[in-house]
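The values are calculated or read from the model by the stated rules, or taken from the named source; none is laboratory data. Since the model is a prediction, treat every value here as computed from it, not as a measurement. As a convention, Cβ positions derive from the backbone with ideal geometry for all residues, glycine included, and neighbour counts pool all protein chains shown. Protein only, heavy atoms only, side chains kept; ligands, DNA and RNA dropped before computing areas. Shrake-Rupley method; radii C 1.70, N 1.55, O 1.52, S 1.80 Å.
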Amino acid sequence: MNTFLQFLLRTVISFSVGTSSFIAYLLLFDMGFPLTLLSGVGTGVLFFMIVKALQKKWWLNKNGLSGQEFRYINSNLKEAKEKVKRLQRQQLRVRSLGAFKQILEINRLSRRIYQLVRKEPKRFFSAESFFFYHLDSVVEITEKYTFLASQPGKNKETFLSLQQTRTTLDDLTGSLENDLQKVLADDMDHLQFELNFANQHLTHKKDLK
C-alpha cells in the first residue's frame, strides 16, 4: 500500500503546501523568520499526514477492508514473511535431488500464496488454512528434515523417519496446492464467466450467419 509513488505524491503536495504557507505567513504575519519557517514546515508535515490518511482510506475502500481487518491481515503477513524466509533457507541445505525438487515446489507454492495476499490483502480470508496451519507445518517439518538429513552415521530408524517425513511433505504440498486454488477461486470463476460470455457471443454471431 505504501508505494513509492504514493510517498512521492505526499511529499510533493506537502512541500508545495508548506512552501506556499511559509510565503503567506511571511507576508501576512509578523512572526519573525524562525517562527514563520517553523509554521511553514509544520503545515507541510500536517498536510503530509492528511494525504497519507486519505490514501490509506481510499486504498481500504478499494479493497473492501476495514482498518481493523487490514491491521489483522498485515500482522499475519509479517509473521508469514519470516516463515517463508525460513523455508527458503532450507533449500540449500538438502543434498538429494528428490528432496531438493520437493522443497523447491513447497517454496514456490508458499511464495506465490504469500505474494498474492500481500498484493491483494482481501485474498487472506481465502487462505487462512495456509497462514494458520499449512505454512507452520511445512516450515517445521522441512527444518527437521534438513537437520536429520545432514547428520552423519544415520541408522535404519533415521532413514525410516526421513522417508516418512518426505511422505508427509508430499501430502502438505498437495494442501498448499489446494490453498493456492482457493486463493485463485474468484479469478477462475471470473475467467469462466468471461469464457462463457465470449462463447455465447460467438455462437450468436454464427447463428446470424
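General observations
To keep it simple, each residue is scored yes or no on (1) closer than 26 Å to Asn107 by Cβ; (2) at pLDDT 60 or above; (3) not hydroxyl-bearing (Ser, Thr, Tyr).
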| position | (1), (2), (3) |
| --- | --- |
| Phe159 | yes, yes, yes |
| Thr167 | yes, yes, no |
| Thr173 | yes, yes, no |
| Asp179 | yes, yes, yes |
| Asp186 | yes, yes, yes |
| Asn196 | no, no, yes |
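- Each residue in region 121-131 was checked for being among the charged types (D, E, K, R) and in contact (Cβ under 8 Å) with a residue 60 or more places away in the chain, and 1 pass.
- Search result, residues across region 60-92 that are closer than 21 Å to Leu135 by Cβ and either touching a strand residue (DSSP E or B) at 6+ places or on another chain (Cβ under 9 Å) or at pLDDT below 85 (or both): Leu92
- Meets criteria (without any contact (Cβ under 8 Å) to a residue 40 or more places away in the chain, open to solvent by less than 60 Å² (accessible area, probe 1.4 Å), under 30 Å from Ile113 (Cβ atoms) and among the polar types (S, T, N, Q)) for Ser21: no
- Candidate set from region 61-120 (those that are open to solvent by less than 60 Å² (accessible area, probe 1.4 Å) and without any contact (Cβ under 8 Å) to a residue 24 or more places away in the chain); member that is nearest to Lys144 (Cα to Cα): Gln91
- Candidates are the residues of region 121-137 that are small (Gly, Ala, Ser) and closer than 15 Å to Ala185 by Cα; the one that is surrounded by the fewest Cβ atoms within 10 Å (Cβ to Cβ) is Ser129.
- Restricting region 1-17 to residues that are at pLDDT 85 or above and touching a Leu at 6+ places or on another chain (Cβ under 9 Å) leaves a set whose member that is nearest to Arg71 (Cα to Cα) is Ser14.
- Region 48-60 - residue that is of a type in the set (A, V, I, L, M, F, W, C) and open to solvent by less than 80 Å² (accessible area, probe 1.4 Å) and, of those, nearest to Ala127 (Cα to Cα): Leu60
- Screening Phe29 against (1) more than 26 Å from Lys119 (Cα to Cα); (2) open to solvent by less than 40 Å² (accessible area, probe 1.4 Å); (3) not aliphatic (A, V, I, L, M) leaves a single unmet condition, (2).
- Within region 86-145, being small (Gly, Ala, Ser) and farther than 29 Å from Ser161 by Cα holds for Ser126, Ala127.
- Taking the criterion of being more than 12 Å from Asp179 (Cβ to Cβ), among the aliphatic types (A, V, I, L, M) and part of a loop (DSSP other than H, G, I, E, B), the only residue of region 91-134 that qualifies is Val94.
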